[in-house]
Amino acid sequence: MRAEAIIRNSMWGIFQQFIICVLGLFARRVMIDTIGIEGVGLNGLLTNVVAVLSLAEMGVSAAIVFHMYKPLANGDNETITRLMNFYRAVYRIIAFTILVVGLLLMPFMKYIVHDVSYTNGYVRLIYFLFLMQTVTSYFFAYKRSLLSADQKQYIISIFDLVFKIITIIGGIIILKITKELSYYLVFLIVAAIVNNVMIARKVDELYPHVRNNKLMLQKEYRQSIFKDVKNIFIGKMSATITNSTDNILISALVGTIVTGLYSNYTIILNTLNSVMNQFSYAMTGSIGNLIATETSERIEDVLKKLVFIMFFLAAFCCICLTCLIDPFITLAFGKNLLLERYVVYICITMFYFATVKIPVWNMVQASGLFKTDKYIAIAGSTINLVVSFILGKIMGIAGILIGTICTYVIQYNLKIILFYKKILEKNFARILFSTYFYFALTAAECLFMGFLVSKLGIQNPYFNFVVRGICAVSFAFGVNSVIFWEKPEFVYFREKMMSMIRKKLF
């Protein structure tokens, strides 16, 4: 049941991201043509600035979802309703806090955004619209967590897919007509509000008991949640620093225009990250249920399978990125918008670690190890800022991204050790060895294929892209399938996928 829930939720999420990717590339081309690389850079930078403000959420969502696993497993509707009412009240306070802090930061935008032709007034306007997009989401988005905790992430994926298609097509039309970023952002705000309202109504339909606004959460329960929140906040801060400060540092240390060049790569990498994160969202409820009901042997077995699956998918994507990302950028956006090749390899390495970490992060969070995990978060975010700043000064964009990779690697090791010692009470050496063997294999495959396709010498850019794609997909899937064909984790993955396909076909 849990495996089927993960696969069903994942497939919907992947389908959603595939459609979004195709449409999003058209949207990015339109953005470059209408608002230029400066506008694209400003859009990417302010997205990350506002993401940092979302730290005000403090991890409330993760804490409350963790406390939902047991009542959902036991069918305790009253406790679920009390949690949701508490969740709603806290999120309204958070929305107001983000608004106030965001407005206080507005005068400082001129120190973050530079090397652009926009006036300070225009930059503040765009920043305000990004701020409002974030603030409005907190009034309805909290209901999404109930679907996620109840292993129904696929419902969210369906709604998000429909509204994403609408926003991308509508956004393209608005940019074509107005050539103005502000109108585009206003449209996104309205569409996001409508999307969250529709999901909220669906939750009310599936869980009619949550509409009882009179049931309040007991004081001792609230105290337990806030105790978890204090610990989760550090982890959330670390994740935000790791994921959202790269563009800010690139803009401040290198330039906003370089941020625009990097954002052409991140639209592809972030789309793939979003696809991989569909597995994370799909796993959340199932892993919570697993840890609440199963033995340590069963939990470890599932973790090993999930780590292997994420490696297999990450290796496939990394090999394809090695062969295709530069030709794709050239075809989609222009040859003059490429980053240096060694920077591209660093980006691909960062994507790999961002993907393989997913099962471990989910296991630690679902286990409620918030108190100890916060120290891992502190170590990771500190290393990220220090290494990124120092190497950013020396190496530019490459140094900033290396700082992010260091954070992923250090936190991965520490989280594995924590989970094995506190939850499984087993030796962690074997899974760490497997993890780095997987990485070494992926790195060797990427370097080999990068060298191989560079020798093709095909002049036609479209034919070159197709041939590279065929080589990458064949090699990525074929070689690793042969190497791991008899490995129990691959056998499990293969059989589950075939079972789902047969069920859908017959």
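Read the figures in this text as sums done on the coordinates, not as results from a lab. Quantities reported herein were computed from a predicted structural model and do not represent experimental measurements. Reconstructed Cβ throughout: ideal geometry from the backbone, glycine too, with neighbour counts over all protein chains shown.
For a paramagnetic label modelled on Val197 (point 7 Å from Cα along Cα→Cβ), amide N atoms under 14 Å away belong, within region 117-161, to 136-137, 139-141.
Local charge for Arg201 was computed over the other residues whose Cβ lies under 14 Å away, with Lys and Arg +1 and Asp and Glu -1, and equals +2.
Across region 294-506, Cα-Cα pairs more than 29 Å apart make up 37 percent of the total. Let me know the number of lysine pairs in region 320-437 closer than 26 Å at the Cα, not counting same-chain pairs under 8 apart. Summing the qualifying lysine pairs gives 15.
Phi angles across region 71-86 convert, under the Karplus curve 6.51 cos²θ - 1.76 cosθ + 1.60 with θ = phi - 60°, into 3J(HN,Hα) values of x, 5, 5, 9, x, 8, 5, 5, 5, 4, 4, 4, 5, 5, 5, 5 Hz, Gly and Pro given as x.
Ignoring aspartates and glutamates fewer than eight residues from Lys214 along the same chain, the ones with Cα atoms less than 19 angstrom from its Cα are Asp76, Glu78, Asp204, Glu205. Kindly list the residues of region 290-315 that lie in the label zone of Asp76, defined by a backbone N under 19 Å from the point 7 Å along the Cα-to-C-beta vector. Answer for this model: 290-294.
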